[in-house]
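Encoded as structure tokens, the structure appears first; notes follow it.
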Amino acid sequence: MNPHHPGLTPSLAVTAAARMNVKRVSVTASLIAGLFFSAFVLAAVPGQIAFSSNRSGNYEIYRKNLVTGAIADLTNDPANDMNPQVSRDGRYLAFYSDRTGNNQIYKIDLLNPGPVARLTNDGASNYDPAFFPDGRILFKSNLKDGYGDIWIMDANGLNQRNLTPLLSTTEEWKPDATSSTSVAFVSGLRDASEIYTLDLTSNALRRLTNNQLPDWYPAVSPDGARIAFVSKDSPNSPDALFIITVDGQGRSRITSFPGDADDPAWSPDGQYITFVGRNGATYDIYALNIRSGQIEVLESDPRGDELSPIFLPAPNDPLINLPPWRHAVF
């Protein structure tokens, strides 16, 4: 459970080194033959993805061209580099890394590759970066309350501010913007996690899920209308992917695997959701076509595990300008 949440809560804590032991997606028996057949051919899904993998021994951030199959190591560092997230214009990639001890937030310029830029530099542990529509970066930090809050900072790491200081007895993590004035995130302790939104102009907090089981890892669709997330049908059932509207309505399950399905992320056009799954001994990357339900294998490497996949929009792609996000002062 919660393979992407290395927070302080014991039941949710998963370090980078231990992620390989976390249960992941297993495919249904009816899909096994097709998945094994297509595991080593190029998927029909266009574009590029970024992901974290320990195929070289430690976790690095990789980029894969889904058309040519070419893969490049973007970080190439002996530390563990995790959870890549891309800016809306497709130029910058943020991630967290333990290369200086505690996990801190870093950024890469994909158009002008060079040394990574460190954005946080404190004694706290910082995780889960996500780009706000105007280029600022949301992240989770345990700097103030020891559990974790949602913070925001400028694209260069300046003007860091706690957005959830009043939530001092729970852990907040995995932020994702639903609009230019609202952020979705997970809040809770142990197995009592739910998805909320916070209006950044009024500070109004809204609970979107109200489940006896944990709901986590929200991923907002490109148009800001829907949220994919991870949940369960029963305490002993595997993790599955669900979708709700941005106001918490219309909960529906979109995967039916006997194993866990985790780490959803939308394509820029909203037609696909990529996620991690287990196909054999390692954790691999898949894409679900929202309309047809078809699953494609995007990346599989027997040398290690693939985690936290995201689609990379092409710079200047008109899709990345939708919806018309506006900068908001708050």
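What relative contact order, as a whole-number percentage, does region 25-313 give when Cα pairs under 8 Å and 6 or more residues apart are counted?
It comes to 17 percent, rounded to a whole number.
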Dipole size in debye (nearest 20) for region 25-313 around its Cα centre, Lys and Arg Cβ +1, Asp and Glu Cβ -1?
240
Cβ-placed point charges (K, R +1; D, E -1), dipole of region 156-223 about Cα centre in debye, nearest 20:
160
Residues Lys107, Lys174, Lys144, sorted so that the one with the fewest Cβ neighbours within 10 Å comes first
Lys144, Lys107, Lys174
Gyration tensor on Cα atoms of region 163-258, a ≥ b ≥ c root eigenvalues, a/c under 1.5 rounded, else prolate if a/b beats b/c, else oblate, says oblate
Rg (Å, one decimal) plus Dmax (Å, integer) for the alpha carbons of region 25-313?
18.0, 52
Can you give me the Cα centroid spacing of region 224-245 and region 57-127 in angstrom?
27
Got a sec? How would Leu163, Leu143 order by Cβ neighbour count within 10 Å, fewest to most?
Leu143, Leu163
Among Glu171, Glu194, which comes first, then next, by fewest other beta-carbon atoms within 10 Å?
Glu194, Glu171
Gyration tensor verdict on region 47-204 (Cα atoms; rounded if a/c is under 1.5, prolate if a/b is larger than b/c, oblate otherwise)
prolate
HN-Hα J in Hz across region 115-122 - Karplus 6.51, -1.76, 1.60, θ = phi - 60°, x for Gly and Pro:
x, 5, 9, 7, 9, 10, 8, 9
Going through region 244-299, which trypsin sites (Lys or Arg not before Pro) have at most 12 other Cβ atoms within 10 Å and a DSSP loop state?
Arg291
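Where a number appears in this text, it was derived from the coordinates with a stated rule and is not lab data. Since we're looking at a predicted model, the values are computed, not measured. Methodologically, a virtual Cβ is constructed for each residue, glycine included, from the backbone with ideal geometry; neighbour enumeration extends over all protein chains shown.
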